[in-house]
Each structure stands twice: as C-alpha cells, then as structure tokens.
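The values are calculated or read from the model by the stated rules, or taken from the named source; none is laboratory data. Keep in mind that what you see is a predicted model, and the values were worked out from it rather than measured. No Cβ is skipped: glycine too gets one built from the backbone with ideal geometry, and neighbour counts run over all protein chains shown. Side chains are part of the model used for accessible areas, which takes the heavy atoms of the whole protein and leaves out ligands, DNA and RNA. Shrake-Rupley method; radii C 1.70, N 1.55, O 1.52, S 1.80 Å.
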Amino acid sequence: MVKKTECLAMLLAGGQGSRLGILTKNIAKPAVPYGGKYRIIDFPLSNCINSGIETVGVLTQYQPLELNDYIGNGSPWDLDRSYGGVHILSPYQQIKGTEWYKGTANAIYQNIHFIDRYNPEYVAVLSGDHIYKMDYNKMLEYHKAKDAACTIAMLEVPWEEASRFGLMFVNDDGSISEFEEKPKNPKSNKASMGVYIFTWSKLRQYLIDDENNPESGNDFGHDVIPAMHENGERMFAYKFEGYWKDVGTIDSLWEANLDLLNPKVDLDLSDNSWKIYSRNPIAPPHFISDKAKVENSMIGEGCVIDGDVDYSILFSNVTVEEGAKVRYSIIMPGTTIKSGATVEYAIVAENAVIEEGAHIGESPEEIDNLDNWGVTVIGEKVTIGKNATVKAKEMIDTDVKEEK
Amino acid sequence: MATPNVLGIIYSNAYDSLVSELTSVRTMGSVPFAGRYRLIDFVLSNMVNGGIAKVGISTKANYQSLMDHLGSGKPWDLSRKRDGMTILPPFNLTGSGGVYKSRLEALSGMLQYIAESGKDYVLLADCNVVCNLDYEKIVDEHIKSGADITIAYKRGVAPKLDDIMSFELDGDKITKVIVGETGDTAVNYSLNIMVLSRVLLERLVHGAMGQGDESFERDVIGKNVNALNIRGYKVEGYARTIDSLQSYYDISMGLLTGEFKDLFAKDLPVYTKVRDDMPAIYGVCAGAKNSLVADGCIIKGTVENSILFRGAYVAEGAVVKNSIIMQDSYISQNAKVNCAILDKQVVIKPGRELSGADSYPIYIGKNITV
C-alpha cells in the first residue's frame, strides 16, 4: 500500500506576540512557557498527533532559534517519522530573491511545494499560540460531511469580549453567511478560533490567486477567507465547546496559567486519553521541606520548596527559600526566590534571581486606582537585588540594584 | 571527555530474591525508586554520564517491565547505530539447562556479546546499588594505576548479601577478599562496580567455567587476589546498597533527610523514561511536608515524610505519613496510611487505616484494593 496523507497540518508559529513584551524578546510566542512544564505550541502539536494528523509543517519566522530547537525532530510528540512527521518551514532564499513571509496566506503559499509532496486531500491551518484541546479529526469528518471548501472552528464567546474577535454569522445548516472582523458593535458572538480545514485543491488555487493580487495583504482572515466567501464557496462553521484561550497579553497569559488551578475551568491536563506532550525536563521529583507551605498550586519537577507557595504555578527547578512567599504568580524554570522575598501577582521568566527581602508585584487590593494595576513581569536571567521593590505592571529586563 | 573504549554490563536481576515483594512482577532493575525512577536508571545514567556508549543488560526472569521501561534506550541517548544499548535475554548454555544460576554463568552466557563488542575495557555493575558516581573516574583510575581489576568499595557496615565481598587493603591494593556477611562492624565492602580489560574478563570466565567453578566472587576474585593486581576505588559520596525490603524503605526515607541532594547532583543528571504527566497539583487545603513529589500527583490531603511517585492521588482528608506511594496509587478520602510501601495502582478505600512501623513497613502489592 502506498502511504497517503489524507490531512496535513500547517502550524503558523511565526508570530512575535509583541504584547507579551520582554517575554517574547528572544523567543517566538508559541515557545512561551505555560502550565508548569509546557510551551504553548505543545497544545496544537499534541492535538495533531492525538487527532491522527501525522504530518505537520511548522512555519517559523520571528526569533525561531529556541522554537526550532524545542521542536527538534519532533520525537516528544511522536512526530519523528520516516514518512511525514514534523517539518520546520522557515522563509528561504529563492532565485527571484529573498522573501519573508508577508502574511499568513503567503507563508502557506511559499510552501505549496511542501504540501504537494504529500498530495493531501485536506489541509488544516492552525495557529501556534492558542491553548485548547481539540479533536481535529471530528472537525475533518464534519468538513467532509458538509462537502465544504473551508470549515472554520467557531466558539461562542461572551458578548462583552466579542469585539476582540473575527466574528461569523451562521445559518441553521452550519454554513457561514457573513464575516465581521473585530467590529465595534458586534452583532454575533460566534468567534473564529483561527483553526481552519480546507480542501487542498480549493485552497491551493486561492493561494495562487491571492499571491497574484497586488492589492492583497496575503492574510487568511483578511484576504483569502473573504475571497472564498465572495466566490460562493461552501464555507461552514464547526462549533467547538471547551476551553480555548489566546494568550495574547501578559494579563491573559497570567490568567490562563492560573486557570489550571481552577476546578471549574474545563482544561484537564491529567486526562490520559488526550495527553499534552512536551519536551520533559531532566529533573528529580520536587522536594517540599518541613518548613514549606504549599497550597492550591502546580509544582514542576526539580523544585525545592522551603517557603510559602499559594495559588501559583512553578515550572521545573525553581527554588523557593525559607521565609519567601510566592502568591498568584507564575515562576518559570530555574528561577531562585531567596529567603524573605515576596513575589505576588507576577510572572518571573527563566533563570531569574530574586534576592533576599525583595518584593515583586502588588496585590490589586493595595492599589487605589485599578487602572494602575497589572501583572508584574521579570525577564529571563534578571537579578533583583536585596530588598528592592518592583511595582505592579512593571516589566523589568535588566538587573535591579540592591536597596538598603 | 568521552570514554569510548568501555563496554558496560548491567545485571538487572542480581539479588532479586532479597526484595521478593517488589520483584514478584519485575526485575531488581525495574524496581521503582525515588519518585520517578527505576533502579536501573541510576546505573545507566552513571554509565552514560561517564561516556560509556555501549551497554549490555543481562536479564534472567520477569524482564517484561524492564523491557517496557528501557524501550530502545532513547531516554539515555543509547538508541544508536554505533554502540547503544542491548538487552541480553538468558542464553541457553549447553548443559546448564537454560536459566543461569550465578553471576559467573550469566557472564559466560554473554561472552560472545562481550567479545564482539571490540571494547578494551568492561565495567560491570548491579542495579541494587544506588549511587551517582562518575564512572569515568573509576576507569581513568584503573588505567592510570595499571591494575588488572579495579573494584569500587565503600567503608561502613556491609549490606546483608551472602556473597558480598569485603576487602583488606594495602593502600589501594586489595590484599585479602572475604566473601560473605561480616556482621555490624565497619568494613571495606564492595559496591560490585568493577573495571577490567575485556581480554582478562574473557580469560577469567573461560577458565572458571572450565574448572566448574560457581562463584565469581569466591573463585574468580577471591582466588586471584595474589595472582592479579586487584585494586580498590574508594567511594566517598552517596552510595547505598539495597539488601532487603526494610533497607529499600530506609534508603528511600533517607532521601528525605537531605540525601536526595547528594543523589541528584546537578552536573550528573539521572535519566528515565518520560511519561508526559502534568506537573503536580496541590489543592486548596493540601498540607505537604518533607516529601518528594513527582509529576502527575494530585494532593488534596496531607502528606508528610513520604515519597509520591508519578500520578499518585491523595484525596481530601486523607493522611499519608512515612510512606512510599508508587505510580498511580490512589488514597481515597479520609484514609490514613502510615509506614507503608504501596506498589503501583494500589487503591486505599475511603476511611481505611493502614499502619506499619518504621522498623516494619507494610507492603501492599501491585493493583491491590484495600
């Protein structure tokens, strides 16, 4: 039997995530750590393998080194294959010159030859920076049953947030009648999740036409989808129910992490039938000493906890010394919080050092004007000196001196 | 620096019978230890960290769980085209009727593998010795000293193994070998980690088998103490030998008194098979003190002085003290467990109380519901 790829996934992972500030100074947004051991891209990659999609192209552009390194040959996701598997697709030089990916559609366009190599019936276009668990195979079955050219995953969002999304109007049969891109006064709350399945023969032609259109911004949401719609292609919405989060901002990244501690939130990472795979740290179990107090938190391997941890996510190899307090915070791998220091309402990036008595972040209750409140961010490898204070909403990416 | 010229040989079944509870469904090498490891992980990691890239693992019985754990050797970077890891199933020697009885017969059964390895040196090790040692230093010392055989030893009360070797030494030179238990006095006892040249190993094993010898310790090492230059390599760091269920328990509990920092040195990582569990979760009223907790655990009750393996669950109101809870075991609401070793997938029903003594821990076998 000749191996055949029915559906191939293209994962858009080139985004900078500029609103994540110093957290994405050196890494692309999909490589941002999440949930005590994962990186955001683990979610779409694990969804692919769990859905039976075994050929995945990852389109990288912004700061790809760490992301490329992380994905490697794909073995953590069982995507190291002789046929198919994961492929990193970066922009490259061509005979007509060098071209960056101009937009999401152009990124796929530049890799048409890669997709053609597998000659799939369908192509899933996914975003590399969303947190959710989804069976793409069910969506594919829906796409086939509807004989659609394009199926878009749709989520009903709270009305007050609807204006942040690309919205859809959906007929009773599931077909899409109209699109609205981030309207001021939304008339629908059915938002696009940035998960598409296309019939490849259709998409291929639209990508070529889009490239030949000098007016186009070469973007899926702005150009390709509306063009398909105008031409009367069969376009359907596929309703998704469950947890889905675009961690576009510092506050939403912080929230999405703490969501894991909320039993009411529908994102169970302990479900063995839908594991989220990742590159695991090589570290022993974590150690909770007899001086420690740990409540309502998630603790990664290799951590050594002597202090108090409450409502926080600690990644691997974090040290919390005696008398230190960590509350409502996300602490990324290898960071040390020394004795007597307090970290609250903060995200501390990898390998930072918070010296004795330093105080990072502020509780919203202590702030008169809530507009001045926000999550505090400490960048990677930054040292915060003894007794130094870092206020709410601040972002620190250089060392802070000791205070007497 | 790499040590490309050394073949590692691991006995996965050595001393199985001494912890028969834990080895009824597995080999000594696959006995779970320290929250997320199997005993063989320490030996394998020591070899890999010491630059040994070709490892043969001798097996005898019950090695399904070991094979499952080792897979292709990838977690230890031993899945290779050149060198790599080989599991050696028991070899039916003519006349021996199948499964080997002694270390000597085991070696004899893998002589062909050893010969074909083409390595200059062989390092032999057992799985019941837990240590984080730079094996490369032992090999370097062996070559530098010009010894025929170098054996790692530790000073202290020897483990209760019936063929344990203890040594009298003149400097580093071993002058006398005593085989057997030595009571409660401090001696120089063998950690059963030895280095010798491949050619010498082949010659010694051939010779001993030809003469109908049975004991490697007595007949190969003991008899040759004057004929060969046998030297000791003193281990000062963390090294513990498991010789009974009680010692397994004591050594595990010892990790909680700070010894885990000696065992898990930052520059010598211990590798194991990954399970892709989520990080451990502590509930709102969780109380954990002085414990080692692995990924995938969910703690809603109280845990003190205990080791929780991957995926263990402690429900609301449950109290776990001085215990070892292996993979995916489940302690239901308001149950109490004290001084116990729970094997994998044990379920303690709500409200049940289970208590051993620290000098006599209770053992609950795999998949049992209490």
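Being touching a Ser or Thr at 6+ places or on another chain (Cβ under 7 Å) and under 28 Å from B:GLY311 (Cα atoms) is a property that does not hold for B:ASN46.
Applying the condition of being among the hydrophobic types (A, V, I, L, M, F, W, C) and within 7 Å of chain B (Cβ to nearest Cβ) to the stretch A:259-284 and asking which residue is least open to solvent (accessible area, probe 1.4 Å) yields A:LEU269. Among the residues of the stretch B:271-302, which ones are in contact (Cβ under 8 Å) with a residue 40 or more places away in the chain, outside any strand (DSSP E or B) and facing another protein chain (nearest Cβ under 7 Å)? Of everything in the stretch B:271-302, those that are in contact (Cβ under 8 Å) with a residue 40 or more places away in the chain, outside any strand (DSSP E or B) and facing another protein chain (nearest Cβ under 7 Å) turn out to be B:TYR271, B:VAL274, B:ALA294, B:ASP295.
Only a single criterion out of (1) of a type in the set (Phe, Trp, Tyr); (2) facing another protein chain (nearest Cβ under 9 Å); (3) out of contact with any strand residue (DSSP E or B) (no Cβ under 7 Å at 6 or more places or on another chain) is not satisfied by A:PHE287, namely (3). Among the numbered criteria (1) of a type in the set (A, V, I, L, M, F, W, C); (2) over 27 Å from A:CYS150 (Cβ atoms); (3) touching a helix residue (DSSP H, G or I) at 6+ places or on another chain (Cβ under 7 Å), which single criterion is violated by A:LEU65? Here A:LEU65 meets the rest and fails (3).
Scanning the stretch A:144-165 for residues that are surrounded by 19 or more Cβ atoms within 10 Å (Cβ to Cβ) and touching a Phe, Trp or Tyr at 6+ places or on another chain (Cβ under 9 Å) turns up A:ALA148, A:ALA149, A:CYS150, A:THR151, A:ILE152, A:ALA153, A:MET154, A:LEU155, A:VAL157. If you filter the stretch B:351-364 down to residues that are open to solvent by 50 Å² or more (accessible area, probe 1.4 Å) and touching a residue at least 24 places away in the same chain (Cβ under 8 Å), you find that the one that is nearest to B:MET326 (Cα to Cα) is B:TYR363.
Of the strands (runs of 3 or more DSSP E) lying entirely inside the stretch A:258-356, those carrying at least 1 residues that are under 24 Å from A:GLU394 (Cβ atoms) and among the aromatic types (Phe, Trp, Tyr) are A:325-331, A:342-348. Every condition in (1) modelled with pLDDT of 95 or more; (2) open to solvent by 30 Å² or more (accessible area, probe 1.4 Å) is met by A:SER289 except one, and the failing one is (2). What do you reckon, is B:LYS160 outside any loop (DSSP other than H, G, I, E, B) and among the basic types (Lys, Arg)? No: the conditions fail for B:LYS160. Number of residues in the stretch B:217-234 that are surrounded by 18 or more Cβ atoms within 10 Å (Cβ to Cβ) and within 23 Å of B:GLU136 (Cα to Cα) equals 5. Go through the stretch A:203-240 and count every residue that is surrounded by fewer than 18 Cβ atoms within 10 Å (Cβ to Cβ), touching a residue at least 12 places away in the same chain (Cβ under 8 Å), part of a helix (DSSP H, G or I) and not β-branched (Val, Ile, Thr). The qualifying residues number 7. Just give me the residues in the stretch B:149-202 being among the polar types (S, T, N, Q), in contact with an Asp or Glu (Cβ under 7 Å, 6 or more places away or on another chain) and farther than 26 Å from B:MET47 by Cβ, in sequence order. Correct list: B:THR175 only.
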